[in-house]
């Protein structure tokens, strides 16, 4: 089973260490950051499956960062659980109104937190599958797996579709070959790096036929990215 990728943003060393160890023991990959600046750096490198976010952080607070993320096309669909010692109903309502998916008060049970994480990820996956992606000339309907460019329906193989869908859900973000391999083919399957290049070339031929050759670009030394002016 593929590990759930967690971005943990917590400045309390004891809580952060406890959460990191507990989540790792439950087959999760944890990237622990102590403030929003560090967390933002992490997001530039990879997209987590879920964010666990403390309310009170040095500099920019958790709610302030949530408001920022929800205005970013590439990050607004990442599920977020707020972790906080604020336990009044007013605080809870205020926290949920920022756009987070759940609100967990400290102290909390690890078992309950993990159950809530799985629930939030499941809800997020269902919502994401129903969301039509519109990026300039590109439109993807995840329910029907239909792709259109400039209003013209496009036929492509399942692999090309998965590749384009992963690019479209991470617009303007440079994705390495390893990231593409893990997310399109799965990290339990052995595929050579050059396989990615072959499928990228096939995808570009499809895009080029509709006048969108520059949609997927090479970033030399790093990987590839889908360029969207809508993000």
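Each reported figure results from applying straightforward, stated rules to the coordinates on display, with no laboratory input. Here the structure is a predicted model, which is why all the values come from computation and not from measurement. Positions of Cβ are generated from backbone atoms using ideal geometry, with glycine treated the same way; all protein chains shown enter the neighbour counts.
A Förster radius of 45 Å, combined with the Cβ-Cβ distance separating residue 118 from residue 13, puts the computed FRET efficiency at roughly 0.95.
Among beta bridges from DSSP that stay inside the chain, the antiparallel ones total about 45%.
Using C-alpha pairs below 8 Å separated by at least 6 residues, the relative contact order for segment 1-156 is 16 percent. Whole angstrom only: what separates the Cα centroid of segment 44-77 from the Cα centroid of segment 165-184? Distance between centres, Cα-based: 20 Å.
Springs join every pair of Cα atoms under 10 Å in this Gaussian network model of the chain, and among 50, 200, 15 the largest mean-square fluctuation is at 15.
Label sites at residue 22 and residue 71, each approximated as a point 7 angstrom past Cα along Cα to Cβ, lie 3.4 nm apart. Among the listed options (1) 17.7; (2) 11.6; (3) 13.3, the one matching mean projected area of the Cα convex hull in nm² as calculated from these coordinates is (3). Both radii are taken from the alpha-carbon atoms of segment 133-226; with Rh as the Kirkwood radius, Rg/Rh is 0.94.
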